[in-house]
Structure formats: C-alpha cells, structure tokens
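Visitor: A single structure is presented below for examination.
The values are calculated or read from the model by the stated rules, or taken from the named source; none is laboratory data. In this text the structure is predicted, and so the values were computed from the model without any measurement. Every residue, glycine as well, gets a Cβ built from its backbone with ideal geometry; the counts of neighbours run over all protein chains shown.
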Amino acid sequence: MDVRVLGPLEASAGGRPLQLGGGKPRALLTMLALQAGSPVSADLLIEGLWGETPPATANKMIQIFVSQVRKALDASGDAGRLVTRGRGYELRIDADDVDALRFERLLAAHAPREALALWRGPPLEELSGEPFAAAEIRRLEELRLAAMEQAIEHDLAAGRHREVIGELDALVAHEPLNERFHGQRMLALYRSGRQSDALAAYRKARETLLDEVGLEPGPELQRLNDAMLQHDPSLDAPHARRSQRAAPGHRPPLRHHARL
C-alpha cells in the first residue's frame, strides 16, 4: 500500500488507485495513514473531521467512512489493512509507505535532498479545509523549510556555494523573514568572491526585517555581517581552509574592507 500526501492525495493498494469517493473518507484514510501502524480513536477522528461542532450522527458516519475505505481496500485485493482497535481504528501500513513519514525519516537521517524529492506540491492540498489538516499542513511546511535549510547547509559544507545561489535567491524571495536563508545566501555569495553582494544582501535583509516586523536582524546574522567585513578566515569554504593549513607559508592577499 502507498499513501502520498505531499501534494494531491494519492492512495493505492495492490498497485491500483483506491476509489475512495468523497472528501471525508479520503480525510479519514489520511488521518489513519499519518499514524501508520498505530490506533486512532474514534473521538480523535471525529474532532479531525468536524472540529468542535460534530453532527449528532458523527459516530455512525465514522463507521460508514471506515466501511467505504475497507471496501476500496477489498476491491484492490488488499483486505485486512484497516482494523478495529477498541473504540478506534488502525491502518496496517509501514511508515515508509506514507510519503510524509518517509520524508521525516530521511530528514532525521540527514538526507534532505532525498526527502525533498518526495514533495509534489502543497501538502494535503485537497484536504486543506478539513479541521485536522491546518495544523498538519503547518507542521509539514515547517519541516520542509528545515529540510531546505539542511540541504543548503550540506551544499555549503561541500563547497557548492556557487551552485546554491540561485536556489537561495528564490528561497529568500519566498521566505523574506527567514534569517537562516538570508545568512546562507550571504555566505554563498561571500565564498563565491562576491563580498560586496554579500554585504548588500545583509542590508536588504535588515531593511526587510525592519519594514515587515520592526526588528533588527538577530545576533547570528549581525555576527556574520561583521565577520565578512573583517574577512574572517572561518568563513572560507572548508576546502579552502584545508588548503591554507596544508601550506604553512601561504598568506591570503590583502583586501580592502567593504563598509556598510
């Protein structure tokens, strides 16, 4: 069985798409899939599908939706996946067969590019109006940003600073209040020999933060800017620092300090 929620919902079993019908059965399957292999109580399902104002027939409707999902699984030749557990239900599916859970595992394993490749669009796209979805969408989007930060960090550590500038330009435009992306962009520009552009990027970040939220950049971004003004050797790409340590007589050429 395979359930994909990092984009439009896609669910298949036995190699065939599940015919789930309306939105509520699809939402119920998604809630169960996100808790792969663990029971979900009927009360939690009711809250996730109707919020604080469920209909009087909510328990009966949950049973109907469960029946619809079971019929879809039976039709695919994958019966027995959805089981009753007390006053709840469990979807017998491996965590790696749910793309959102596989994404989290890959991110925890420091494989952010592989994790990000699972995304096909906005998460839970067609279910965004369901009460359970808002918090889950927000959580997944935050994890996606964390994966992007981690991926860029890996690229910078590997000396791929020029290659990530375009990606960081787009990230900063899309997430203008994310200081981490601003800092990574500054460092990528600096390591590419574009110190003046790196310093200009700091000024632009500062202007954006002041205009949007009335705050100065945080200490980390300020320290990065100061280090760039001072040509701090610790900012050099790792391979450049290794080359300097391997050649004791090497001294970097004197350069003019740019000023804000």
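Visitor: Of the residues that make up the stretch 63-74, is at least one in contact with a strand residue (DSSP E or B) (Cβ under 7 Å, 6 or more places away or on another chain) and small (Gly, Ala, Ser)?
Guide: No - not one qualifying residue is present in the stretch 63-74.
Visitor: I would also like to ask the following. Taking the residues in the stretch 3-29 that are under 19 Å from LEU101 (Cα atoms) and touching a Phe, Trp or Tyr at 6+ places or on another chain (Cβ under 8 Å) as candidates, determine which candidate is surrounded by the most Cβ atoms within 10 Å (Cβ to Cβ).
Guide: LEU28
Visitor: Kindly indicate which of GLU114, GLU167 is in a helix (DSSP H, G or I), out of contact with any Asp or Glu (no Cβ under 6 Å at 6 or more places or on another chain) and more than 30 Å from PRO233 (Cα to Cα).
Guide: GLU114
Visitor: Could you go through the stretch 154-164 and let me know if any residue there is assigned to a loop (DSSP other than H, G, I, E, B), buried (at least 17 other Cβ atoms within 10 Å of the Cβ) and in contact with a Lys or Arg (Cβ under 6 Å, 6 or more places away or on another chain). Explain how you work it out, then say what you get.
Guide: Step one: filter the stretch 154-164 for residues assigned to a loop (DSSP other than H, G, I, E, B), giving 158-164.
Still in the list and also buried (at least 17 other Cβ atoms within 10 Å of the Cβ): 161, 164.
In the following step, the residues that additionally are in contact with a Lys or Arg (Cβ under 6 Å, 6 or more places away or on another chain) were identified as 161.
Yes, the stretch 154-164 contains a residue that is assigned to a loop (DSSP other than H, G, I, E, B), buried (at least 17 other Cβ atoms within 10 Å of the Cβ) and in contact with a Lys or Arg (Cβ under 6 Å, 6 or more places away or on another chain).
Visitor: Going through the stretch 184-197 one residue at a time, which ones are crowded, with 23+ Cβ neighbours inside 10 Å and either touching a residue at least 60 places away in the same chain (Cβ under 8 Å) or under 26 Å from the mean Cα position of the chain (by Cα) (or both)?
Guide: GLN184, ARG185, MET186, LEU187, ALA188, LEU189
Visitor: Take the stretch 214-250 and flag every residue that is at pLDDT below 95 and part of a helix (DSSP H, G or I).
Guide: Within the stretch 214-250, PRO233, SER234, LEU235, PRO238, HIS239, ALA240, ARG241, ARG242, SER243, GLN244, ARG245, ALA246 meet the criteria.
Visitor: Does the stretch 64-80 contain any residue that is farther than 23 Å from GLY15 by Cα and among the acidic types (Asp, Glu)?
Guide: Within the stretch 64-80, not a single residue is farther than 23 Å from GLY15 by Cα and among the acidic types (Asp, Glu).
Visitor: Please go through the stretch 62-93 and give me each residue that is within 22 Å of LEU124 (Cα to Cα), in contact (Cβ under 8 Å) with a residue 24 or more places away in the chain and part of a helix (DSSP H, G or I), ordered by number.
Guide: If the condition is that a residue be within 22 Å of LEU124 (Cα to Cα), in contact (Cβ under 8 Å) with a residue 24 or more places away in the chain and part of a helix (DSSP H, G or I), then ILE62, PHE65, VAL66, GLN68, VAL69, ALA72, LEU73 are the ones that fit.
Visitor: Turning to a different aspect of this structure: Would you mind stating whether ASP99 is modelled with pLDDT under 95, over 19 Å from ALA42 (Cα atoms) and surrounded by 17 or more Cβ atoms within 10 Å (Cβ to Cβ)?
Guide: On the way: modelled with pLDDT under 95: no; over 19 Å from ALA42 (Cα atoms): yes; surrounded by 17 or more Cβ atoms within 10 Å (Cβ to Cβ): yes.
Judged against the criteria, ASP99 is not a match.
Visitor: Tell me which residues, restricted to the stretch 94-136, are free of Cβ contacts under 8 Å to residues at least 60 places away in the same chain and aliphatic (A, V, I, L, M).
Guide: Hits for the stretch 94-136 are ALA95, LEU106, LEU107, ALA108, ALA109, ALA111, ALA115, LEU116, ALA117, ALA134, ALA135.
Visitor: Then there's this: Scan the stretch 124-145 and tell me whether some residue there is within 22 Å of PRO238 (Cβ to Cβ) and buried (at least 20 other Cβ atoms within 10 Å of the Cβ).
Guide: Our first condition is that a residue be within 22 Å of PRO238 (Cβ to Cβ); within the stretch 124-145, this holds for none.
No: the stretch 124-145 contains no residue that is within 22 Å of PRO238 (Cβ to Cβ) and buried (at least 20 other Cβ atoms within 10 Å of the Cβ).
Visitor: So which residues in the stretch 94-111 are aliphatic (A, V, I, L, M) and assigned to a loop (DSSP other than H, G, I, E, B), if there are any at all?
Guide: ALA109, ALA111
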